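Chemist: Pasting a structure below so you can have a look.
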Amino acid sequence: MIKIYRNFTAYFIFVIPALLLYITFYLTPLFNSLHYSVTSWNGINEPVFNGFDNFAKALTDEKFWVAFKNNLYFVAFSVFVQIPLIIVISIMVSSVKRFLGFYKLTVFLPSILSTASVAIIWKFIFAPEAGLLNQLLKGIGLESWTHIWLGDKSVAFLAVLVTNAWQWTGFYIVLVLAGIFAIPKEIMEAGEIDGAVGWRKAWSLTIPLIRPVIGVTLLLSVTGAMKALDTVLIMTKGGPFGSTELMATYMYKQAYSLSDFGYANAISIVITIFTALLSLFLTFFNNKSKEVSY
């Protein structure tokens with residue numbers, strides 16, 4: 001290993017290309033965005049420096065705060081609903097003795113579809129007249145539960161959350177399953193001899209032993225929630241009345257509908273900082289979880 005550190009050729013072959021890619025595709029766009037965030041720019045004329053006016057505008061922009069609040073709901077749904085559901089389904093699937101591959105493929109399938117395809121599929125499901133969901137509710141006598149799902153302010157955001165969860169839950173289940181199957185059988189057998197069976201075994205053994213995997217899943221789920229964009233744009237375009245607006249969709253509209261690229265870049269910087277803070281917190285939680293050893 002020390003020889004590799006002293007080998008200039010190895011550095012050149014393995015480190016320099018990666019460093020160039022990192023600078024080109026991550027640092028350069030980030031600093032460009034930071035530069036334009038302190039300008040007034042319509043995307044055509046020369047940007048004019050305006051200090052922190054765009055950030056001050058965000059602080060007093062009610063629509064931005066609605067989008068910020070919706071992002072918090074998105075993250076809360078991921079942490080308190082999606083992740084527990086993923087753990088429960090993973091534990092159930094891991095105990096299946098037959099057709100395990102079929103179950104894994106079935107839950108993983110939605111995550112290989114493009115987000116646009118998933119959004120269109122669920123847009124049909126939520127359609128008010130011919131949609132599958134309303135037809136099912138009418139079929140089982142729950143006609144009063146039917147809604148204009150994507151046009152009703154009270155349920156539109158829930159519809160978007162369900163769509164996003166449906167697409168990515170299977171991917172995270174496969175991750176958690178890998179963690180469960182990596183637990184040595186001796187530990188599980190010893191637990192069963194001591195009386196840990198069923199959900200007691202899951203609570204006392206399985207979940208504590210897969211905490212690092214849960215931490216990674218949590219991090220991916222939360223950061224995924226922060227960058228949600230295309231699902232909302234295709235299904236609701238942020239409506240009705242901004243009830244499904246997210247920071248990313250609001251940023252997109254400011255840039256490509258209103259040609260206020262300076263303000264859009266300021267919002268992108270806010271998203272980056274907020275996501276980085278969440279990631280740091282979750283990474284700290286994850287590092288604590290790594291203290292688990294078999």
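The values are calculated or read from the model by the stated rules, or taken from the named source; none is laboratory data. Only a predicted model underlies this, so the values are computations on that prediction, with no experimental measurement involved. Glycine gets a Cβ as well: all are built from the backbone with ideal geometry, and neighbour counts include every protein chain shown. Surface areas here come from the heavy atoms of the whole protein model, side chains and all, with no ligands, DNA or RNA. Shrake-Rupley method; radii C 1.70, N 1.55, O 1.52, S 1.80 Å.
Chemist: Projected onto the charge dipole of region 10-165 (+1 at Lys/Arg Cβ, -1 at Asp/Glu Cβ, origin at the Cα centre), which of ALA18, ILE140, PHE126 gives the Cα projection farthest towards the positive end?
Modeler: Going by the Cα projections, it comes out as ILE140.
Chemist: While we're here: Hydropathy at least -1.0 by Kyte-Doolittle, axial extent at least 20 angstrom from the Cα trace: which helices of the chain, defined as entire DSSP H runs, fit? Don't skip to the end; give the middle numbers.
Modeler: Numbers: long enough: 62-77 (22 Å, 0.41); 156-181 (38 Å, 1.70); 211-226 (22 Å, 1.44); 261-289 (41 Å, 1.25).
Span-like helices, by this rule, are 62-77, 156-181, 211-226, 261-289.
Chemist: Could you point to the residue in ALA165, PRO208, THR115 farthest towards the positive end of the chain's charge dipole, with +1 and -1 charges on the Cβ of Lys/Arg and Asp/Glu respectively?
Modeler: Final value for the positive-end residue is PRO208.
Chemist: Taking Cα pairs under 8 Å and at least six residues apart, what relative contact order does the chain come out at, in percent?
Modeler: It comes to 28 percent, rounded to a whole number.
Chemist: Rank-order 123-131, 195-203 by packing density, defined as the average count of other C-beta atoms within 10 Å over each peptide's residues, highest first. All intermediate terms of the calculation are to be shown ahead of the outcome.
Modeler: Details: 123-131: 15.3, 195-203: 13.0.
Packing proxy ranking, top to bottom: 123-131, 195-203.
Chemist: Sorting check: for 144-150, 134-140, which peptide has the highest mean count of neighbouring beta carbons within 10 Å, and how do the rest follow? Mind showing how you got there, number by number?
Modeler: Values: 144-150: 16.4, 134-140: 13.3.
Answer by packing, highest mean first, reads 144-150, 134-140.
Chemist: Separate question: Among [x] 6, 26, 35, 24, 8, 1, 0; [y] 5, 15, 19, 17, 14, 8, 5, 5, 3, 4, 3, 2, 0; [z] 6, 20, 26, 24, 17, 6, 1, 0, which is the computed P(r) over Cα pairs in 10 Å bins from 0, in percent?
Modeler: Identified label for the calculated read-out: [z].
Chemist: From the cross-link list LYS185/LYS227; LYS57/LYS237; LYS69/LYS138; LYS63/LYS138; LYS57/LYS123; LYS104/LYS237, which pairs have alpha carbons spaced over 31 Å apart? Write out the running numbers ahead of the final one.
Modeler: Values: LYS185/LYS227 38 Å; LYS57/LYS237 22 Å; LYS69/LYS138 33 Å; LYS63/LYS138 36 Å; LYS57/LYS123 34 Å; LYS104/LYS237 33 Å.
Beyond 31 Å: LYS185/LYS227; LYS69/LYS138; LYS63/LYS138; LYS57/LYS123; LYS104/LYS237.
Chemist: Per the 1.4 Å probe, what fraction of the accessible area of the chain, in percent, lies on carbon and sulfur atoms? All intermediate terms of the calculation are to be shown ahead of the outcome.
Modeler: Details: 12400 of 17620 Å².
Answer for the chain: carbon and sulfur cover 70 percent of the accessible area.
Chemist: Determine the relative contact order of region 135-294: mean sequence separation of Cα pairs under 8 Å and six or more apart, normalised by residue count, in whole percent. Present the calculation step by step, with values, prior to reporting the outcome.
Modeler: Values: 121 pairs, mean separation 43.6, N = 160.
Across region 135-294, relative contact order equals 27 percent.
Chemist: Show the residues, 5+ positions off or on another chain, whose built amide H is closer than 5 Å to the amide H of SER40.
Modeler: VAL48, PHE49, ASN50
Chemist: Counting heavy atoms of the protein chains only and a 1.4 Å probe, report the per residue accessible area for the chain as a whole number of Å². Write down the numbers at each step before the final one.
Modeler: Working: 17620 Å² over 294 residues.
Accessible surface, normalised per residue, equals 60 Å².
Chemist: Once you list every other residue whose beta carbon is under 15 Å from the beta carbon of PRO47, what net charge do they have if Lys and Arg are +1 and Asp and Glu are -1?
Modeler: Here the count lands on -3.
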